[in-house]
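Engineer: I'd like to ask some things about the structure below.
The values are calculated or read from the model by the stated rules, or taken from the named source; none is laboratory data. In this text the structure is predicted, and so the values were computed from the model without any measurement. A quick note on method: Cβ atoms are made from the backbone with ideal geometry, for glycine too, and the neighbour counts reach across all protein chains shown.
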Amino acid sequence: MTVLVAISVAVMLIAAIMAVALRNWLAAVAALSVVSLALSFLFALLRAPDVALAEAAVGAGLSGVLLALTLRRIGLWGGREKKGEKE
Amino acid sequence: MSELDFLFAFAAVLIAGVMCCGRDGRAGWAAMAVYGAMLVAVMAAAGKVAGGSIPSALGFSVLGHKIGWRMDGLGWFFSMLTAGAAFFASWYAAGEWGRAQPGMKTQHLLLALNVAAMLLLVNAGDLLSLFIGWELVSWAAFAMMAQKGGPAQPAAMRYMIYALAGAMAVLAGIMIVHAVTGSFAYKDFAAAFGAMSSGMKWLLAGLFAAGFGVKMALMPFHLWQAAAYSETPGASSAFLNAVSARMGLFALILVLVKVMGLSALAGLHVPLIGLSAKGLLMWIAAFTMVIPTFIALMQTDARMLLTWHGIGQGGYMLLGVLVGTGLGTAGGLLHVFNYATYQMALFLAVTAVIHRTGTSDLDRLGGLITRMPWTYVTLLMGIIGLAGLPPMNGFVSKWMIYRSLLDSGSAFLLIFAFVGTLGTILSVYKLIHNIFLGRLRPQHEGVREAPWSMVAPMLALGGIGFVTGWFPGLALNLTDIAQAAMGAPELPHGLGGVATARGSLNMIWVVSILLVAIGFGAIVFYFLGNRRYEVNQLNNYAGGHFLSPQVPYQFSHEFYPGLARVIGPWYRGSIVRAEQGIGTLLDVSGDLWRGIYHLAWTPLYLLAATVIALGWAIMGGM
Amino acid sequence: MKSAGGYAPARIRGHERNHGKTVASVLFLGGLGLMLFELISAVPFGSAPMQVGQAIAGEAFARTGADNIVTAILLGYRGLDTLGEVTILFTAAAAAGMVLAGAGRGEAQGQEAGFIFRTAAWMLFPFLLVLGAYIIIHGHLTPGGGFQGGAILAAAFFTPLLASPASPFNHRVAILVEGFAGLVFVVIGLAGLAKGAFLTQLLGTGTPGALLSAGSLPVLYVAIGLKVGSELAGLMARVFGEGSARS
Amino acid sequence: MSQSLPAIIYPVAIPLMGAFLLPIGARRMAELAGLFGRIVVLLSFSTSLALAVSIWTAGPAVSAMGGFAAPLGIVFYADRLAMLFLLALNVAVFLFWPRGQGAKGGPCTLMLALLAGGSGLILSGDLFNIFVFYEITAVASYGLAASGRTHAGFAAALRFLILGSVGSSLMLIGIALIYARTGTLNLADLSRIAPHALTGPVGLAAFILLLAGLGVKAELVPLNTWVPEVYGAAPARVSALLAGVVSKLAMVVALRFVVQVFPGDGAHTVLLVAGILGVLAGELAAWRAGSLMETFSYSSIAQLGMVALAFSISGAAGIAAGIALALHHAVVKPAFFMLAARWRGPVGGLAGAVKDSPLAVWLFVILSLSIIGIPPFPGFWAKFLFLKAAFAAPSAGVWIAVFVMLAGTVVEAAYLFRAVLVFFADGERGGSTPRFAFAQLAPALGLGAVLLAAMVFIAPLGASISGMADEASNAAAMAARVLDRGE
Amino acid sequence: MTGTLLYGGAIGLVIIGLYAIVARRHLMRNIFGLAVMESGVNLLLASVGYRPGGHAPILVAGAAPGPLVDPIPQALVLTAIVIGFGVLALALALVVRVRQAYGTLDNRAVARRLRAENGEARS
């Protein structure tokens, strides 16, 4: 139990850092979905199936899609965040 | 319906009347009539108020606090002053001067509002109604000052900031009293004051003295008065000068002298130097006497000179009252009455000069004695009163103040009083010389005497000054009522003046001898040696050469060069710099806070604040 | 631009000032993290007092007849939270709709989805629909419920739009379903007033454990499911840019 | 004595139903949306009034949702304080209903959602439920901030949303802490458990986190950096509503937490510091503000700082002062905003406004006199109550608070009358200042009339406010009413 | 041990999310931070209710399989997740409009343009 928790927390934190740090927008959105998935797995470990299902469906599924759609809508789909100055 | 209710009714009717039909010509005279009626009503109430106080129907209770109005001796005295000053101001404004003014209706309205507010203030029944009256007076005066627009607005704004700061100090004081005694009545405050800790006493005395001192322009808070009062239109400015500043004195007397009691103040000692609270206040009054008077000396505008003197004279009144003996208190209160008469006369005379010549700049006037003799006579009587010389009433009150200082053994204060009078004499001579004496300016050739509607009230005021100077007993009867209400010791006095063990003053003799001497001189001058040969002012030989019309022989600029060199360096204006310092501090901190709201991205401050608060909670809040 | 004395050109300086802010934020964040950790571990993991939770777990089945206690709480004990939450979703969708109305179709809009996805989308639709419906209907028995099922329904309605962006998304129906589902929820709540207080459970508890148990709870969950489904589908269509043409 | 009143849910349910139905109607008949919305608000107002009357007569009402008794289920608790602000919210929403081009479907739905959320916020007696209703109010106000559909509106709404969401997340952490320590979410239950569970640093930290969440809407100092942006960019009616009433709701909820769950002096000190900083920030920034709208944004920060100061004084007197200040501000500030909406741009450009719109200028003067606290006006009595409460329990912090409050009043008078003098100055080149159409001035005049009415009926108003405060300050009685219902 | 891991993970997420909001200037990055922070808070709230050795709060035909985990935090977290999603949706809609309006999503530029439009003179 503890081992599983440790692994998923590690995955979650690394994905979170990547979501914040990655300059490629799509990769960042993917990292966010990974955070949600790891979180959903953690909820399952915490004996909260309802919450795990909700987190998977809403967190990983819909918000991932929504973020991707927004990226496309504002034209950052393929783009990367430039260092320092505004893009 | 007691007399006080009549007074309030008159004031209300007047406001309504001016509001509805203030425009047509007769409104001025109607207002004057009402003020006259008010004055008569107040005088009639003299008998009833001598002993106790006149209750009033006006009163309500809010949030469990009863607020009421009543008229006691002190309130009666100041109500009489207000009604009298308003009477003469409206008389002056009703005539030709008023018709020449733009927007006279607003001036009448504001005068009526000011009178109503002052009646509410001076007849306040408890601390809360005192504060309500105080705020109304401040705001009515602000409206009166700001009505002319232009340069008057910054001066009025400066006044409003000072007045509101003072009002907040008074409000804090009142609420502390309520917290300690549980009620706003004067007697509860007086009873509880003795038992308070000295720290609390100092706090309350400080708050009330500062709050009321602002209106009276006591030393550190005096910067606003001169500009604010001189920018107000003529008649209203005369009213403000005569009475409005004295509201501060009324409140000081009421709270510090009558409620707290001078003995309690004398008991409070400043820790290091041996000065008591009363002593400290007296020294503030002393400085307020001297420094503004010498600032007045340097003024080049007649109205500014007079208003600076107004601040100085306030020092005399407070000093007299603070001495505490029967003579001193009577001198102080009498000075309030006398000051109102000659200051108003002076201001109306200067307004008449402005009305005719269009300017009050002392450097561009001169020789008007030939054109405006009656205004000259009023100004002469006024400055004799202001300087405190017989035969005018100013001399009586100043003599009594000097006498009481001498009797109470405070020699240094006496010296300050003399220096103050010296400064006054120098500056009033400058006033009358630069306006009336010397050579008439070419552009003022066509100037005529001010119309009778303006000269009459001026002469009436001068006459009052002269009569009460000749028979001071008349005025002293008025101040006795106020003195009794204040709880100050009784002053035995006759019609002519005061008779005390170490020297008495009988003005009847003094003035009579003076008149006889003048009469004798006049006879010698006019009838015996009357061989005079009238010649043009310039057909003369002076200082080694003939006078020529091109040279303007009017030496009014830099009137006291020698004196200016001696006391010039003292004018560092340290208080002005202190005031500007506060202003810049306000601006800089305002920009700092506004800067926070102009940052590009602010969640960092949210985070910082939360972390600091959490840190405090975990560490400190154990 | 003459670089004044030792000053670096603005752009670099502007960049370097950014570091000051980063250091400050890292410091504050470290402080916050430590403090939060210390605060939350004041109650050792797993030993939080549970009296209300224990009481509900004990009596939930008897009073509501629902096997899934979380659903019993969500719709029974804390029904108002769920109503509030649905309102938040509705308000957010309405606000997003208002914001995006007439916002133009955005840059990269036109290209078609991949071939595989285009063909598979239509096959996927029925399965998603069945899965979503199942989760909603069995909300009170098995894990899942209105929100989870609604999300899946939204995905079901949205995938065909992704597959062929040109096909119109019927906003009018979505808003109709959304409005009426919300109304059903509130009306059932108000009907409960007759039996005591708002959102009291109607229609008794049925045979506990069976499909039609737990009285009005499943009905509420169906209403939520439909509402969430239509709302999210509409929202995603609008963000996708398709809805802007006709809203 | 308290009564069980299931009808207490109507102020929340009716606007909700209206909000759900409105989009359906709005697609076809756009202008009907506004009318339908107003009818729903009137309906909700009348039920709230009926509720208020019954509560005024029969005492606070309690209603357990779903029939589940207090500690388990969610409880609605309404006393006179809650009813007062509920009625104020209803009136404000009706008065500031979007007009003109803004009255399409979107803003009306958001207004109804705001009304439902605000009502729930005030009535709910459960910690997480308050969080949910707070979120509804927040999301509705983000949407309304953007309802002006201007570029500035969208940007301001987005920045407001991010700041608000950070606050909400911190609040949720606070709720997690409280639940971890006490195991219950019902305010009444918490007030009984708090003395021995939440008095330590964890309790105080939880309060600070809760206050961080509430502070965003209640415009407390570090959290209100959104105020000038949003009030400047949003339509004037939205700004008036947000500044006038919605910020007060958040402050009253903070008061509920302080009274019921965190009665210790730690929480009071936090409110005190937030209040002092609020007054300082508000007054000084307003002193240097450019346009009128910006001045009033900062002035609303200052006024809410004063309300926080009042609530930081423990005991009924402090609460009474807080209610009086909040109520007075809720009447005066929206009127100011409506005036500022017409007088855009730097104040200097408004010289001679008294000739173009004398009614608006005199209304401005009366409102200024009241907000400064000049005796005959109700504003003075609000400050009077505050000073009475402050000096009743003087501590070092309270002295500083009083000094800052009084100094703040002087600064406030200065910048308000600086503008008044500009209005009365004679415009030099005869430039005309914007005139007021009656429809724009109507809400402001209405509020001015309410102010003058309050001036006349100050005695009964004062008595009822202090009664309200006594009832709202008695945590034990509230807990007894909610928990010991005997069902 | 699991406790420190979970709490550490949750607070770690909150810190990473806050970092993205506080220290980054791109609005999209801030919204990512927001989503991460809300996930962290949800994990914290859910892990408060865990009971070692407890079973999921789903009864099998009316009978509890054993000591149950605290069901209330789960209900709260479920609500919080959906709230988070709602706010995220509104944020993204606003981002689209801000991007179209100002052509940039950099906070400093947006703030400057915003103040200019609000007419606040930099007095």
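Engineer: Kindly establish whether D:Leu187 is aliphatic (A, V, I, L, M), in contact with a strand residue (DSSP E or B) (Cβ under 8 Å, 6 or more places away or on another chain), over 27 Å from C:Gly33 (Cα atoms) and buried (at least 24 other Cβ atoms within 10 Å of the Cβ).
Structural biologist: Working: aliphatic (A, V, I, L, M): yes; in contact with a strand residue (DSSP E or B) (Cβ under 8 Å, 6 or more places away or on another chain): yes; over 27 Å from C:Gly33 (Cα atoms): yes; buried (at least 24 other Cβ atoms within 10 Å of the Cβ): yes.
Spelling it out, D:Leu187 is indeed aliphatic (A, V, I, L, M), in contact with a strand residue (DSSP E or B) (Cβ under 8 Å, 6 or more places away or on another chain), over 27 Å from C:Gly33 (Cα atoms) and buried (at least 24 other Cβ atoms within 10 Å of the Cβ).
Engineer: Further question: Given the residues B:Ser397, B:Ser427, B:Ser404, which is the only one that is over 19 Å from B:Tyr342 (Cα atoms), in a helix (DSSP H, G or I) and small (Gly, Ala, Ser)?
Structural biologist: Numbers: B:Ser397 fails: over 19 Å from B:Tyr342 (Cα atoms); B:Ser427 fails: over 19 Å from B:Tyr342 (Cα atoms).
Criteria check complete, one pass: B:Ser404.
Engineer: Any residue in segment D:411-423 that is of a type in the set (Val, Ile, Thr), under 24 Å from the mean Cα position of the chain (by Cα) and at the interface with chain B (Cβ under 9 Å from one of its Cβ atoms)? Show your work before the answer.
Structural biologist: Just the residues of segment D:411-423 that are of a type in the set (Val, Ile, Thr), to begin with: D:411, D:420, D:422.
In the following step, the residues that additionally are under 24 Å from the mean Cα position of the chain (by Cα) were identified as D:411.
If we keep only those that are at the interface with chain B (Cβ under 9 Å from one of its Cβ atoms) too, we end up with D:411.
Scanning segment D:411-423, I find at least one residue that is of a type in the set (Val, Ile, Thr), under 24 Å from the mean Cα position of the chain (by Cα) and at the interface with chain B (Cβ under 9 Å from one of its Cβ atoms), so the answer is yes.
Engineer: Are any of the residues in segment D:215-236 buried (at least 24 other Cβ atoms within 10 Å of the Cβ), under 24 Å from E:Gly49 (Cα atoms) and in contact (Cβ under 8 Å) with a residue 40 or more places away in the chain?
Structural biologist: Looking through segment D:215-236, none of the residues is buried (at least 24 other Cβ atoms within 10 Å of the Cβ), under 24 Å from E:Gly49 (Cα atoms) and in contact (Cβ under 8 Å) with a residue 40 or more places away in the chain.
Engineer: Same structure again: For chain A, which helices (runs of 4 or more DSSP H) that fit wholly inside it have 3 or more residues that are of a type outside the set (A, V, I, L, M)? Steps first, answer last, please.
Structural biologist: Numbers: elements: A:2-21, A:25-45, A:49-54, A:64-73.
Those helices (runs of 4 or more DSSP H) span A:25-45, A:64-73.
Engineer: Looking at (1) within 8 Å of chain B (Cβ to nearest Cβ); (2) modelled with pLDDT under 90; (3) closer than 30 Å to D:Pro334 by Cβ, find the lone condition where D:Gly200 falls short.
Structural biologist: (3)
Engineer: Please find, among B:Gly36, B:Gly28, B:Gly59, B:Gly68, the residue that is in a strand (DSSP E or B) and either buried (at least 17 other Cβ atoms within 10 Å of the Cβ) or in contact with a helix residue (DSSP H, G or I) (Cβ under 7 Å, 6 or more places away or on another chain) (or both). If you could, list the steps in order and put the result at the bottom.
Structural biologist: On the way: B:Gly36 fails: in a strand (DSSP E or B); B:Gly28 fails: in a strand (DSSP E or B); B:Gly59 fails: either buried (at least 17 other Cβ atoms within 10 Å of the Cβ) or in contact with a helix residue (DSSP H, G or I) (Cβ under 7 Å, 6 or more places away or on another chain) (or both).
Only one candidate qualifies: B:Gly68.
Engineer: Taking the condition within 14 Å of chain D (Cβ to nearest Cβ), in a helix (DSSP H, G or I) and more than 19 Å from C:Ser25 (Cα to Cα), does B:Val588 pass?
Structural biologist: In short, yes.
Yes/no per residue for (1) within 11 Å of another protein chain (Cβ to nearest Cβ); (2) crowded, with 20+ Cβ neighbours inside 10 Å; (3) of a type in the set (D, E, K, R); (4) outside any helix (DSSP H, G or I):
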{"position": "B:Asn114", "(1), (2), (3), (4)": "no, yes, no, no"}
{"position": "B:Ala117", "(1), (2), (3), (4)": "yes, yes, no, no"}
{"position": "B:Leu130", "(1), (2), (3), (4)": "yes, yes, no, no"}
{"position": "B:Ala141", "(1), (2), (3), (4)": "no, yes, no, no"}
{"position": "B:Met160", "(1), (2), (3), (4)": "yes, yes, no, no"}
{"position": "B:Ala167", "(1), (2), (3), (4)": "yes, yes, no, no"}
{"position": "B:Gly173", "(1), (2), (3), (4)": "yes, yes, no, no"}
{"position": "B:Ser183", "(1), (2), (3), (4)": "no, no, no, yes"}
{"position": "B:Gly194", "(1), (2), (3), (4)": "no, no, no, no"}
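Engineer: Exactly one of (1) of a type in the set (A, V, I, L, M, F, W, C); (2) at pLDDT below 80; (3) not in a loop (DSSP other than H, G, I, E, B) is unmet by C:Val222. Its number?
Structural biologist: Condition not satisfied by C:Val222: (2).
Engineer: Looking at (1) in a helix (DSSP H, G or I); (2) more than 26 Å from C:Pro44 (Cα to Cα); (3) modelled with pLDDT under 90; (4) within 11 Å of chain B (Cβ to nearest Cβ), find the lone condition where D:Val270 falls short.
Structural biologist: (3)
Engineer: Report yes if D:Trp381 is among the aromatic types (Phe, Trp, Tyr) and either more than 22 Å from the chain's Cα centre (by Cα) or farther than 30 Å from D:Pro263 by Cβ (or both), otherwise no.
Structural biologist: On the way: among the aromatic types (Phe, Trp, Tyr): yes; either more than 22 Å from the chain's Cα centre (by Cα) or farther than 30 Å from D:Pro263 by Cβ (or both): no.
Spelling it out, it is not the case that D:Trp381 is among the aromatic types (Phe, Trp, Tyr) and either more than 22 Å from the chain's Cα centre (by Cα) or farther than 30 Å from D:Pro263 by Cβ (or both).
Engineer: Among the candidates D:Ala138, D:Ala176, D:Ala116, D:Ala180, which residue alone is under 24 Å from E:Ala93 (Cα atoms), facing chain C (nearest Cβ under 8 Å) and buried (at least 24 other Cβ atoms within 10 Å of the Cβ)? Steps first, answer last, please.
Structural biologist: Working: D:Ala138 fails: facing chain C (nearest Cβ under 8 Å); D:Ala176 fails: under 24 Å from E:Ala93 (Cα atoms); D:Ala180 fails: under 24 Å from E:Ala93 (Cα atoms).
Result of the check over D:Ala138, D:Ala176, D:Ala116, D:Ala180: D:Ala116.
Engineer: Is there a residue being among the aromatic types (Phe, Trp, Tyr) and more than 22 Å from the chain's Cα centre (by Cα) anywhere in segment B:97-107? Can you show your working first?
Structural biologist: Restricting attention to segment B:97-107, the residues satisfying the condition of being among the aromatic types (Phe, Trp, Tyr) are B:97.
Subsequent filtering for residues that are more than 22 Å from the chain's Cα centre (by Cα) retains B:97.
For segment B:97-107, residues among the aromatic types (Phe, Trp, Tyr) and more than 22 Å from the chain's Cα centre (by Cα): present.
Engineer: Turning to a different aspect of this structure: Output the residues belonging to segment E:41-64 that are more than 10 Å from chain C (Cβ to nearest Cβ) and modelled with pLDDT of 85 or more.
Structural biologist: At the first step, the residues of segment E:41-64 found to be more than 10 Å from chain C (Cβ to nearest Cβ) are E:41-43, E:45-46, E:55.
Matches in segment E:41-64: E:Val41, E:Asn42, E:Leu43, E:Leu45, E:Ala46.
Residue by residue, here is whether (1) among the aliphatic types (A, V, I, L, M); (2) touching a strand residue (DSSP E or B) at 6+ places or on another chain (Cβ under 7 Å); (3) more than 10 Å from chain C (Cβ to nearest Cβ); (4) not in a helix (DSSP H, G or I) holds:
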position: E:Gly8; (1), (2), (3), (4): no, no, no, no
position: E:Met28; (1), (2), (3), (4): yes, no, yes, no
position: E:Ile31; (1), (2), (3), (4): yes, no, yes, no
position: E:Gly66; (1), (2), (3), (4): no, yes, yes, yes
position: E:Leu76; (1), (2), (3), (4): yes, no, no, no
position: E:Ala89; (1), (2), (3), (4): yes, no, no, no
position: E:Leu94; (1), (2), (3), (4): yes, no, no, no
position: E:Arg97; (1), (2), (3), (4): no, no, no, no
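Engineer: Of the residues D:Phe384, D:Phe380, which single one is over 23 Å from D:Ala212 (Cα atoms), within 12 Å of chain B (Cβ to nearest Cβ), free of Cβ contacts under 8 Å to residues at least 24 places away in the same chain and buried (at least 24 other Cβ atoms within 10 Å of the Cβ)? Talk me through it step by step, then tell me what you get.
Structural biologist: Details: D:Phe380 fails: buried (at least 24 other Cβ atoms within 10 Å of the Cβ).
Sole residue among the options that is over 23 Å from D:Ala212 (Cα atoms), within 12 Å of chain B (Cβ to nearest Cβ), free of Cβ contacts under 8 Å to residues at least 24 places away in the same chain and buried (at least 24 other Cβ atoms within 10 Å of the Cβ): D:Phe384.
Engineer: Now for a different question. For segment D:47-66, what are the residues that are free of Cβ contacts under 8 Å to residues at least 24 places away in the same chain and closer than 21 Å to C:Leu80 by Cα?
Structural biologist: If the condition is that a residue be free of Cβ contacts under 8 Å to residues at least 24 places away in the same chain and closer than 21 Å to C:Leu80 by Cα, then D:Gly66 is the only one that fits.
Engineer: Quick one: in segment B:266-280, which of the residues that are surrounded by fewer than 23 Cβ atoms within 10 Å (Cβ to Cβ) and of a type in the set (A, V, I, L, M) is nearest to B:Thr82 (Cα to Cα)?
Structural biologist: B:Leu280
Engineer: Can you pull out the residues in segment D:147-159 that are aliphatic (A, V, I, L, M) and in contact (Cβ under 8 Å) with a residue 40 or more places away in the chain?
Structural biologist: We begin by selecting, within segment D:147-159, every residue aliphatic (A, V, I, L, M); these are D:152, D:155-158.
If the condition is that a residue be aliphatic (A, V, I, L, M) and in contact (Cβ under 8 Å) with a residue 40 or more places away in the chain, then D:Ala152, D:Ala155, D:Ala156, D:Ala157 are the ones that fit.
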